Amino acid sequence: MRRLVRVASYRRVAEDIRRRIESGEFAPGAPLPSRAHLAAQYAVGANVAAAAVRLLVSEGLARGRTGSGVFVRERVSASTMARSWTQERLQGRLAVHPDLRRSGPPAPGGDDGPGARSERGTPSSRTEGADPGIARRLRVPPGEPVIRSAYQLSNDGLPAMICVSWEPLRITGGTPVSLPGAGPLAGGSVVARMSYIGIRVTRSTETVTARLATPDEAAALDLGRGAAVAAIERTYWAGERPLETADLVVPGDRFHLAYEIPAEPDR
C-alpha cells in the first residue's frame, strides 16, 4: 500500500505565505500579518503560525525587527565588487559598482563613484600564536606571534564583507602601524600601512571558494540560513615574502567578484 505523507502544518502555512510573497501580495519591505492573524486565517494554533514564520526567516524570505514584527526581506540587486588594484582597494575601501560588468573599470574620483558608500568598521586586534594553517600561509613557524584583526565592511548600509587577517608581529611590531585600527594610518589598506614603514607590496593572491555561510556569518551578513557566500583567502606579498593573509567572506547573492588580469609579455 502507498503511504500517504502528511506535510507538517507549519510547512503548509509557510508554503502558502511564500507563494503570496512571490506573487507580490506581500511586497518587499511590507510587514507580514501578525502570528495571531495568521493562526486565525489558516485555522492553526499560534505555535504552528510561529513555526511557519520562523521557517520563512531562516530561508531569508523574511526578517524580524525587534519590537516591530516580521517583514518581507527587500530584494537586493547584485553589484560587482572589483578585486583588482583599484584606487578604492588601495585606500582600504570596497570598489563596488552596480554596472561594472557592463561599463568597464570604474571612473576615478567623485563622491558617487565606486566605494563612496563603503564603510569599514574599526578592527578588533589581538596578539596570538599562528596556528599551523596560518603559519603555512605566512611562511613562519607555528606558534610565532601574529596580530589577528577582525572587522566588517558595509556598502550602502548593508553588510558586504567579513574580514579576519593575520600579520607577523616581526614585521609591524613596534611600529606606528602595528594595529590596523590605530596609528597614523588607522583604517588604511595593507599597501599603505606597509609603505609607511618602508615595505613595498608587490602583489596579492586570492583563492575563492563558494560555500554556505556558517550561522555566525549569516547573522553578521544579514543572510538567511544556508545562504551562499564567496570565501576568499587573500595574501599580500613583498616579492616571495608574505606580509599579511586574510579570510574574507562576501554575500554570494549581493556581489559578483571581478578580477582584471593584465596580459603582459614575459620578460
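Summary of values
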{"quantity": "Amide H contacts under 5 Å for A258, placed H, 5+ residues apart", "calculated": "M81, A82, R83"}
{"quantity": "Longest DSSP-loop-exposure-free segment, chymotrypsin sites (Phe, Trp or Tyr not before Pro), the chain, at most 16 other Cβ within 10 Å", "calculated": "86-258"}
{"quantity": "For the chain, the longest site-free run once GluC sites (Glu not before Pro) in DSSP loop states with at most 15 other Cβ atoms within 10 Å are removed", "calculated": "75-239"}
{"quantity": "Extended-chain gain in nm, criterion 0.36 nm per residue less alpha-carbon gap, R65 and Y196", "calculated": "42.8 nm"}
{"quantity": "Relative contact order [Cα under 8 Å, 6+ residues apart], the stretch 35-93, whole percent", "calculated": "16"}
{"quantity": "Inter-label distance, nm, simple model (7 Å from Cα along the C-beta direction), A78/A210", "calculated": "0.8"}
{"quantity": "Apportionment of accessible area to carbon and sulfur, the stretch 206-259, percent (1.4 Å)", "calculated": "54"}
{"quantity": "Solvent-accessible area, 1.4 Å probe, carbon plus sulfur percent, for the stretch 128-173", "calculated": "56"}
{"quantity": "Distant-in-sequence amide H partners of G60 (H built 1.01 Å from N, under 5 Å)", "calculated": "R225"}
{"quantity": "The stretch 29-95: trypsin sites (Lys or Arg not before Pro) falling in loop per DSSP and having at most 10 other Cβ within 10 Å", "calculated": "R75"}
{"quantity": "R12-T122 FRET efficiency (beta carbon distance; Förster radius 51 Å; 0.05 resolution)", "calculated": "0.65"}
{"quantity": "Accessible surface, per residue, of the chain when the full set of protein chains is kept, probe 1.4 Å, Å²", "calculated": "56"}
{"quantity": "Gap separating the Cα centres of the stretch 213-235 and the stretch 70-90, nearest whole Å", "calculated": "14"}
{"quantity": "Loop trypsin sites (Lys or Arg not before Pro), the stretch 133-188 (other Cβ atoms within 10 Å of the site Cβ: 14 or fewer; DSSP)", "calculated": "R139"}
{"quantity": "HN-Hα J in Hz across the stretch 232-243 - Karplus 6.51, -1.76, 1.60, θ = phi - 60°, x for Gly and Pro", "calculated": "10, 9, 10, 9, 9, 10, 10, x, 9, 9, x, 9"}
{"quantity": "Of [x] 71, 44, 44; [y] 52, 37, 34; [z] 57, 41, 39, the label for Cα extents along the principal axes in Å derived from the coordinates", "calculated": "[x]"}
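The values are calculated or read from the model by the stated rules, or taken from the named source; none is laboratory data. Just so it is clear, the structure is predicted and the values come from calculations on it, not from any experiment. No Cβ is skipped: glycine too gets one built from the backbone with ideal geometry, and neighbour counts run over all protein chains shown. To get the accessible areas, we keep the full protein, side chains included, count just its heavy atoms, and leave off ligands, DNA and RNA. Shrake-Rupley method; radii C 1.70, N 1.55, O 1.52, S 1.80 Å.
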